[in-house]
Each structure stands twice: as structure tokens, then as C-alpha cells.
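Asker: First, the structure itself, so that you have it in front of you.
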Amino acid sequence: MSAVKYELIKQCKQSGARLGRLHTPHGIIETPVFMPVGTQASVKGISPDELRDMNAGIILSNTYHLFLRPGHELVKEAGGLHGFMNWDRAILTDSGGFQVFSLSKLRKITEEGVAFRSHLDGSKLFISPEYAMEIENALGADIIMAFDECCPYPADRRYTKNSMERTTRWAERCLEAHKNTDKQALFGIVQGGMYGDLRKRSARDLVAMDFPGYAIGGLSVGEPAELMNQMLEETVPELPVNKARYLMGVGSPDYLIEGTLRGIDMFDCVLPTRIGRNGTAMTSRGRVIVRDAKYAHDYTPIDPECNCPACKNHTKAYIRHLLKAGEMYGLRLVTLHNLYYLINLMKDIRSAIMEDRFLDFRAEFYEKLGGRRC
């Protein structure tokens, strides 16, 4: 029996969007859900208690970064990620594939795996599908990801096809190497670049392996939003209705809504924490760059519709002052707000699905933006 099980609760009569529950060894997660990213076993600037307060049921950590520092054996010695970071709810680790291809230097891809140099110190390293499983088993997350190759955008068809087929073969090897199946669920990753037929084939081949869940990788890598949506429309119908569907690396509010509309259950992205550290807030009326001079005398909250600690207790003028003064509390407040905003956006999305009004909710969301950026 799989360590993780997806339960479909309802499909919106108006849109077909899904409402569900993800049962994990560390709790039940209501879906669709946004998962904050804790790359180095910490969501930047945010404590575990603050994550619990905002009802984050699941967070991510990064296999590549933890493999480099402090090392998966040390994390295992500390009781796995749950014990190491004092987090009693669910965790997902990616396979490190994306980071190997985006951060590492002088990488060489072979059938066996990927040889590369660390972006930290230039040391020579090698990860195979089997070693990726060894690392992720040691980290101990509830959900772990198969080792894959994330194609760059753009990429020609021949390269993409070869890459996708290798990812499928690696997925088989990951299944064979995966231990702790009663405690950790391994998800396959659909690839295929921007070629719909390749994505369909990738999905069908992975579904035949009967993973407990499926991720869609290689999107939100620089392609237009319309193309990403098209690839979702090609891919999602190939995935089982009784398994979780995870769109990797997507976190802007409009992408969360469009992904949900197309049947996605799980999302993650560093966007809310990254732009938060730069003083940019996500709000119901679009992005607010709190550092801007026009907010120097603005004694209203970042978002009057938000009930996060930043919005309840502080004004844009005060937070702008903190940012301009280089005070860490200012960066924390904007980051905290962004995570609260996305987690509560998903809560509102779930309510709209339950009430069969998701398309109305979507229209109201875009109307509030009034053409502004998400």
C-alpha cells in the first residue's frame, strides 16, 4: 500500500476543477494546495510555527541543495527532515534534477546519470536515479520525486524526445531502487518539453508504471503562459483521476488559478519568498512594490483584504521604512504576507469549487486585478 493516497472529493459542476484530500504519514492536506518551498530545510525567513499558523500542511525541500550541504547522511542521522527541521507536517522533496541542470557547472548527461560540478565549490559529483533514491530515502520526506531531466526552453524536438525517453527509463530505475515504500511515496515526472504528443506519451508510459502520484515538470521555464496552459490541456487528461497531480515550480496567483482549472492538485514555487525578500507583495489587486516612494506616507496595510500578521499590525509606510533601512523584519513581513496570501487564495479556490462557482471566482479575481500584474 502506498504511503500517500489521493481522495477525490468533488469536481466543480461549473468548471470541472477538482477538490480533494491528500493522505500522508504526516497529515491530511486539502487540495488544490500551494506548498511553500524550504530549499535548505527552511522556508526563508519563516519559522515552522509561523508556517503552522498560516495552515501550511506541506512544504518542500530540495534534494540537490541538501545533498551538497549538509549531506543526506547527516540529515538521516538527525531523524530525517522532519526531525532535523522540527516540522511535524508533510514534506515533499524534489529529485534535484532541475537544479543539476540549472545550477551545476560542466554537466554531462549519460544513460547512467549526470556528472556535474558543484555550484558551491566546483567539486566533481555524480547522481544516478539509484543514488537520487538513496538520497531522498535518507532525507525521509513523505513524497519524493523520480530523477528526471528538465529540458530547457526552447529545445528542438529530437533533443526533447531523447530527453523524455531517458527520463522514462530513469523513472523505472527509481521505482526499482526506492526503499521505505510504506513511509514515502514516489511520484513520476511527466516531461516532453513543449510538444503535446511527447507529453502524452510520457504520461502514458509513467501511468503504466502505477506511481501513487504524478508531477508535470518542465513548464514555467520561460514559455508563454498560453503555451503552458496548452501543455497542461494535452497532459492532464492522460493522468488517472484517483492520483494526485502536481505542477512543479508554479506559484503566481494567475498560474494557480489556471492550473486548478485544468485539473492540477498541487503547486510549489520560490516566487512568493523570492519577491518578498525584494520588497514586492502579492495582493488581491496585483503586485505592490512596497519599496516604492509613493508608499512613504501610506498608512494602510499591504492588502486590506488580508488578515496576515503584516497586514493586521503594520502599514506600508512602516514596512517600506524597514526595507529602506535594511531591517530584516521588513523582508520577513513581506515574505510572510505573500505566503499567507497564496495559502488563503487556495482556501478560497477550494471553497469556490465546493460551491460550484469556480469560473465566477476566476472572473472576479481577474476583474479585481484590472489588468495589473499578478
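Residues checked against (1) in contact with a strand residue (DSSP E or B) (Cβ under 9 Å, 6 or more places away or on another chain); (2) aliphatic (A, V, I, L, M):
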position	(1), (2)
I216	yes, yes
E223	no, no
N229	no, no
V241	yes, yes
R245	yes, no
T260	yes, no
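Asker: Looking at the stretch 353-365 only, could you name the residues that are within 24 Å of the chain's Cα centre (by Cα) and open to solvent by 80 Å² or more (accessible area, probe 1.4 Å)? Give the steps one after another, and end with the answer.
Answerer: Here is the first cut: in the stretch 353-365, the residues within 24 Å of the chain's Cα centre (by Cα) are 353-354, 358-359, 361-362, 365.
M354 - this is the single residue of the stretch 353-365 that is within 24 Å of the chain's Cα centre (by Cα) and open to solvent by 80 Å² or more (accessible area, probe 1.4 Å).
Asker: Still on this structure, I have one more. Report yes if R69 is farther than 17 Å from H26 by Cα, surrounded by fewer than 20 Cβ atoms within 10 Å (Cβ to Cβ) and modelled with pLDDT of 95 or more, otherwise no. It would help to see each step written out before you state the result.
Answerer: On the way: farther than 17 Å from H26 by Cα: yes; surrounded by fewer than 20 Cβ atoms within 10 Å (Cβ to Cβ): yes; modelled with pLDDT of 95 or more: yes.
Taking the combined requirement at face value, the residue satisfies it.
Asker: Residue check, T31 against (1) more than 20 Å from D148 (Cα to Cα); (2) among the hydroxyl-bearing types (S, T, Y); (3) open to solvent by 40 Å² or more (accessible area, probe 1.4 Å), all met but one. Which one?
Answerer: (3) is the only condition that T31 fails.
Asker: Hey, another quick one. Within the stretch 228-253, how many residues turn out to be within 19 Å of Y153 (Cβ to Cβ), of a type outside the set (G, A, S) and open to solvent by less than 40 Å² (accessible area, probe 1.4 Å)? Full working, then the answer.
Answerer: Of all residues in the stretch 228-253, those within 19 Å of Y153 (Cβ to Cβ) come to 228-235, 247-252.
Right, trim to of a type outside the set (G, A, S) and you get 228-235, 247-248, 250.
Within this subset, residues satisfying the condition of being open to solvent by less than 40 Å² (accessible area, probe 1.4 Å) are 228-229, 231-232, 235, 247-248, 250.
Looking only at that region, the number is 8.
Asker: Just a yes or no: is a residue in the stretch 312-335 within 30 Å of K10 (Cα to Cα) and either part of a loop (DSSP other than H, G, I, E, B) or touching a residue at least 60 places away in the same chain (Cβ under 8 Å) (or both)?
Answerer: Filtering the stretch 312-335 for residues within 30 Å of K10 (Cα to Cα) gives none.
No, the conditions are met nowhere in the stretch 312-335.
Asker: Among the residues of the stretch 271-281, which ones are open to solvent by 10 Å² or more (accessible area, probe 1.4 Å) and part of a loop (DSSP other than H, G, I, E, B)?
Answerer: Once the filter is applied, which keeps residues that are open to solvent by 10 Å² or more (accessible area, probe 1.4 Å) and part of a loop (DSSP other than H, G, I, E, B), the stretch 271-281 yields only N278.
Asker: Looking at the stretch 288-318 only, could you name the residues that are basic (K, R) and open to solvent by 60 Å² or more (accessible area, probe 1.4 Å)?
Answerer: Within the stretch 288-318, R291, K294, K312 qualify.
Asker: Among the residues of the stretch 200-224, how many are over 17 Å from the mean Cα position of the chain (by Cα) and over 15 Å from A171 (Cα atoms)? Step through it out loud before you land on a result.
Answerer: To start, the set of residues in the stretch 200-224 that are over 17 Å from the mean Cα position of the chain (by Cα) comprises 200-212, 223-224.
Right, trim to over 15 Å from A171 (Cα atoms) and you get 200, 223-224.
Matching residues across the stretch 200-224 total 3.
Asker: Taking the criterion of being acidic (D, E) and either in contact (Cβ under 8 Å) with a residue 40 or more places away in the chain or part of a helix (DSSP H, G or I) (or both), would at least one residue in the stretch 282-293 satisfy it?
Answerer: Filtering the stretch 282-293 down to residues acidic (D, E) leaves 292.
From what's left, either in contact (Cβ under 8 Å) with a residue 40 or more places away in the chain or part of a helix (DSSP H, G or I) (or both): none.
The answer is no; no qualifying residue exists.
Asker: How many residues are among the polar types (S, T, N, Q) and open to solvent by 10 Å² or more (accessible area, probe 1.4 Å) if we restrict to the stretch 319-352?
Answerer: Residues that pass the stated criteria total 2.
Asker: Restricting attention to the stretch 168-197, report how many residues are farther than 22 Å from N229 by Cα and β-branched (V, I, T). Working first, answer last.
Answerer: Residues of the stretch 168-197 farther than 22 Å from N229 by Cα: 168-186.
From what is left, the residues that are β-branched (V, I, T) are 168, 181.
Of the residues in that region, 2 qualify.
Asker: Sticking with this one: Taking the stretch 195-227, which residues are surrounded by fewer than 22 Cβ atoms within 10 Å (Cβ to Cβ), part of a loop (DSSP other than H, G, I, E, B) and either at negative phi or without any contact (Cβ under 8 Å) to a residue 24 or more places away in the chain (or both)?
Answerer: Y195, A208, M209, D210, P212, V221, E223, P224
Asker: Within the stretch 254-270, how many residues turn out to be open to solvent by less than 40 Å² (accessible area, probe 1.4 Å), under 25 Å from T93 (Cβ atoms) and in a helix (DSSP H, G or I)?
Answerer: Matching residues across the stretch 254-270 total 3.
Asker: Do we find a residue being in contact with a helix residue (DSSP H, G or I) (Cβ under 7 Å, 6 or more places away or on another chain), among the aromatic types (F, W, Y) and at pLDDT below 95 anywhere in the stretch 146-154? Step through it out loud before you land on a result.
Answerer: First, pick out the residues of the stretch 146-154 that are in contact with a helix residue (DSSP H, G or I) (Cβ under 7 Å, 6 or more places away or on another chain): 146-151.
Still in the list and also among the aromatic types (F, W, Y): 147.
Within this subset, residues satisfying the condition of being at pLDDT below 95 are none.
No; the residues of the stretch 146-154 include none that is in contact with a helix residue (DSSP H, G or I) (Cβ under 7 Å, 6 or more places away or on another chain), among the aromatic types (F, W, Y) and at pLDDT below 95.
Asker: Follow-up. Does the stretch 81-101 hold any residues that are crowded, with 20+ Cβ neighbours inside 10 Å and on the phi > 0 side of the Ramachandran plot, and which are they?
Answerer: Once the filter is applied, which keeps residues that are crowded, with 20+ Cβ neighbours inside 10 Å and on the phi > 0 side of the Ramachandran plot, the stretch 81-101 yields only G96.
Asker: Right, something else. Here is a list of conditions, (1) of a type in the set (F, W, Y); (2) touching a Ser or Thr at 6+ places or on another chain (Cβ under 7 Å); (3) within 19 Å of G263 (Cβ to Cβ), and Y195 meets all of them except one; can you say which number that is?
Answerer: (3)
Asker: Suppose we filter the stretch 1-28 for residues that are closer than 17 Å to I257 by Cα, in contact with a strand residue (DSSP E or B) (Cβ under 9 Å, 6 or more places away or on another chain) and open to solvent by 70 Å² or more (accessible area, probe 1.4 Å); how many remain?
Answerer: Selection size over the stretch 1-28: 1.
Asker: Go through the stretch 60-94 and give me each residue that's in a loop (DSSP other than H, G, I, E, B) and either under 17 Å from the mean Cα position of the chain (by Cα) or charged (D, E, K, R) (or both).
Answerer: Our first condition is that a residue be in a loop (DSSP other than H, G, I, E, B); within the stretch 60-94, this holds for 69-71, 78-79, 86-89.
Within the stretch 60-94, R69, D88, R89 meet the criteria.
Asker: Tell me whether the stretch 122-138 contains one or more residues that are more than 19 Å from L74 (Cα to Cα), small (G, A, S) and touching a residue at least 12 places away in the same chain (Cβ under 8 Å).
Answerer: There is at least one residue in the stretch 122-138 that is more than 19 Å from L74 (Cα to Cα), small (G, A, S) and touching a residue at least 12 places away in the same chain (Cβ under 8 Å).
The values are calculated or read from the model by the stated rules, or taken from the named source; none is laboratory data. This one's a predicted model, so the numbers in the text were calculated from it and none came from an experiment. As a convention, Cβ positions derive from the backbone with ideal geometry for all residues, glycine included, and neighbour counts pool all protein chains shown. The accessibility values were calculated without ligands, DNA or RNA, using every heavy atom of the protein model including side chains. Shrake-Rupley method; radii C 1.70, N 1.55, O 1.52, S 1.80 Å.
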